[in-house]
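Below is one structure, written out as structure tokens; comments come after it.
Each value in this text was obtained by applying a stated rule to the coordinates, not by laboratory testing. These numbers were taken from a predicted model, which means no experiment stands behind them. A quick note on method: Cβ atoms are made from the backbone with ideal geometry, for glycine too, and the neighbour counts reach across all protein chains shown.
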Amino acid sequence: MSASNVAWVGARGARTFALAVIQGDVAGARAIAARRSACLNCDARTRARAPGASEPSDWCGDPFVETETSCGCLLAGKIAVASEECPRRIWLAVRRARGRWARRVTLLAEQMMNTQLKEATDGD
Ligand code: SF4
């Protein structure tokens, strides 16, 4: 998993995707690559910084804004979730991945969520 894929878990608004992955809703590596490629070539894709994030990320339309043709989702998170679908139906939901890949992605999401939780509680 690339550094940008790891970064999505730390961005606010990506918690839903991280939780979905932790619960086993993980797309396979090939599906993720195909979705990433489709999104990279889509005119709905925007580059923007999530609140609190230091680096910009790719989004489907404006961040957190849902329209008929874009969902406002952080793309690195959305494409990793098996049940997610493109609002333009350029790509659809896929079956959940199993095996080593799914365990690896799930573990990464868990680690990122634990880090977020630790940072939040350390700030108390
Ligand atoms: S999810 Fe669909 S509409 Fe959004 S950027 Fe990707 S391909 Fe485009």
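Please give me the summed charge of the neighbours of VAL94: other residues whose Cβ is under 13 Å from its Cβ, Lys and Arg +1, Asp and Glu -1.
Every neighbour counted, the sum reads +3.
Non-local amide H neighbours of ARG49 (under 5 Å, H modeled in plane, Pro and chain starts lacking H): which ones?
Residues meeting the criterion, in which the H sits 1.01 Å from N, are SER57.
HN-Hα J couplings of the range 60-65 from phi, Karplus 6.51/-1.76/1.60, θ = phi - 60°, integer Hz, Gly and Pro as x?
Coupling constants for the range 60-65: 8, x, 6, x, 6, 10 Hz.
Using each residue's phi in the range 80-97, evaluate 6.51 cos²θ - 1.76 cosθ + 1.60 at θ = phi - 60° and report the 3J(HN,Hα) Karplus result to the nearest Hz, with x for Gly and Pro.
For the range 80-97, the Karplus-derived couplings read 8, 9, 4, 7, 6, 9, 5, x, 9, 6, 6, 9, 10, 4, 10, 5, 5, 6 Hz, x marking Gly and Pro.
Using only the Cα atoms of the range 3-122, each taken as one equal point scatterer with no solvent, compute I(q) by the Debye sum, divide by I(0), and report log10 of the ratio at q = 0.14, 0.16, 0.17 Å⁻¹.
Here the Debye-derived log intensity ratios amount to -0.54, -0.71, -0.81.
Suppose every K and R has +1 on its Cβ and every D and E has -1 on its Cβ; what is the size of the dipole of the range 3-122 about the Cα centre, in Debye to the nearest 20?
In debye, rounded to 20, the range 3-122 gives about 580.
What ranking of VAL105, VAL94 emerges when the number of other C-beta atoms within 10 Å of each C-beta is taken as an exposure proxy, fewest first?
Exposure proxy ranking, most exposed first: VAL94, VAL105.
List, in order, the whole-Hz ³J(HN,Hα) value for each residue of the range 26-39 obtained from phi through the Karplus relation with A = 6.51, B = -1.76, C = 1.60 and θ = phi - 60°; use x for Gly and Pro.
10, 7, x, 4, 5, 5, 4, 5, 5, 5, 4, 4, 4, 5
Give me LYS118, LYS78 ranked fewest to most by other Cβ atoms within 10 Å of their Cβ, as a rough exposure proxy.
Fewest-to-most Cβ neighbours within 10 Å comes out as LYS118, LYS78.
Which order do SER37, SER54 fall in if you start with the one that has the fewest other Cβ atoms within 10 Å?
Listing SER37, SER54 from fewest to most nearby Cβ atoms yields SER54, SER37.
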